[in-house]
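The values are calculated or read from the model by the stated rules, or taken from the named source; none is laboratory data. Fair warning: this is a prediction, and the values are worked out from it, not measured in the lab. Quick reminder, even Gly has a Cβ in these numbers, built from the backbone with ideal geometry, and neighbours come from all protein chains shown.
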Amino acid sequence: MQRWILRGAFILFIGALFAAVHFLAPPQHVPWKPVSLDRPIGWATGAQLDRLSSTPDYCRAALSQAGVEYAELDVENTNEHCSLAGAINLERSVTPYNAPVRTTCPLAAALYVWERDVLHPAAEKYFGHEISRIETYGTFSCRRMYNRASAPWSEHATANAIDVAGVTLADGSRVMVKDDWRADSPEGEFLEEIFKGGCRVFRVGLGPDYNAAHADHFHFDMGGGMTCR
């Protein structure tokens, strides 16, 4: 009897805790709350964005609600491992890009959150300028990791990754990973902040400290892994 009483008390405690989190915690801290891209980044932002991978219509609705403009892409299958099926062309997020951004919907959603809550506040903090353009090395690329013949297929093969090389500020100056990473300067501090901030949004973040292949860019993706290095 005592065992059942303890079990019942435990169940009631868990139920009360669940209810308290559901009704009292800010929604960005609650994994099961509906996704809104306009909330501040919270403990559960990454988990909420993860859910968009399995709900394409929900993901597109979240983009539209946030004012992100995009166009559907025709399905393009280079081979059985490389495809733009379900991908979109990001036409207007928070910040212009130096090249077309063909991407999965979850990656587009993560980029929007990162731009708004990490990238622009950091630029204002360190430089007092807006960002006029994000410099990238692209998203979709039909290749294996590191272009090795026997390596796993890259997240770039399905447009689920982006390589960010740096930014151009409103005054025309540029802050580039290749030149400014780990520099003892506002540029170096800015890059470190936007990389760490990206790791709160994207599932994977790889930078120059990871290996030589990432010496000139940050790799962010929404794949199945979870690492920040």
What number of residues within segment 137-165 satisfy the criterion of being at pLDDT 95 or above, of a type outside the set (A, V, I, L, M, F, W, C) and surrounded by fewer than 21 Cβ atoms within 10 Å (Cβ to Cβ)? 2
Across segment 176-191, the tally of residues that are without any contact (Cβ under 8 Å) to a residue 40 or more places away in the chain, buried (at least 16 other Cβ atoms within 10 Å of the Cβ) and hydrophobic (A, V, I, L, M, F, W, C) stands at 2
Filter segment 207-229 down to the residues that are in contact with a strand residue (DSSP E or B) (Cβ under 7 Å, 6 or more places away or on another chain), more than 18 Å from Thr104 (Cα to Cα) and among the charged types (D, E, K, R) and list them by number. Asp216, Arg229
Cβ pairs under 7 Å, 6+ apart or interchain, first in segment 79-108 and basic (Lys, Arg), second surrounded by fewer than 17 Cβ atoms within 10 Å (Cβ to Cβ) and part of a loop (DSSP other than H, G, I, E, B), ordered by first then second residue, are Arg102/Leu73
Looking at segment 14-47, which of the residues that are closer than 24 Å to Gly86 by Cβ and in contact with a Lys or Arg (Cβ under 7 Å, 6 or more places away or on another chain) is modelled with the highest pLDDT? Thr45
If you take the residues in segment 196-210 that are assigned to a helix (DSSP H, G or I) and in contact with a helix residue (DSSP H, G or I) (Cβ under 6 Å, 6 or more places away or on another chain), which one is farthest from Thr139 (Cα to Cα)? Gly197
Filtering segment 62-78 down to residues that are in a helix (DSSP H, G or I) and surrounded by 14 or more Cβ atoms within 10 Å (Cβ to Cβ) yields Ala62, Leu63
Would you mind stating whether His214 is more than 21 Å from Val113 (Cβ to Cβ) and crowded, with 16+ Cβ neighbours inside 10 Å? yes
Go through segment 211-229 and give me each residue that's part of a loop (DSSP other than H, G, I, E, B) and either more than 19 Å from the chain's Cα centre (by Cα) or closer than 19 Å to Ile134 by Cβ (or both). Asn211, Ala215, Asp216, His217, Met222
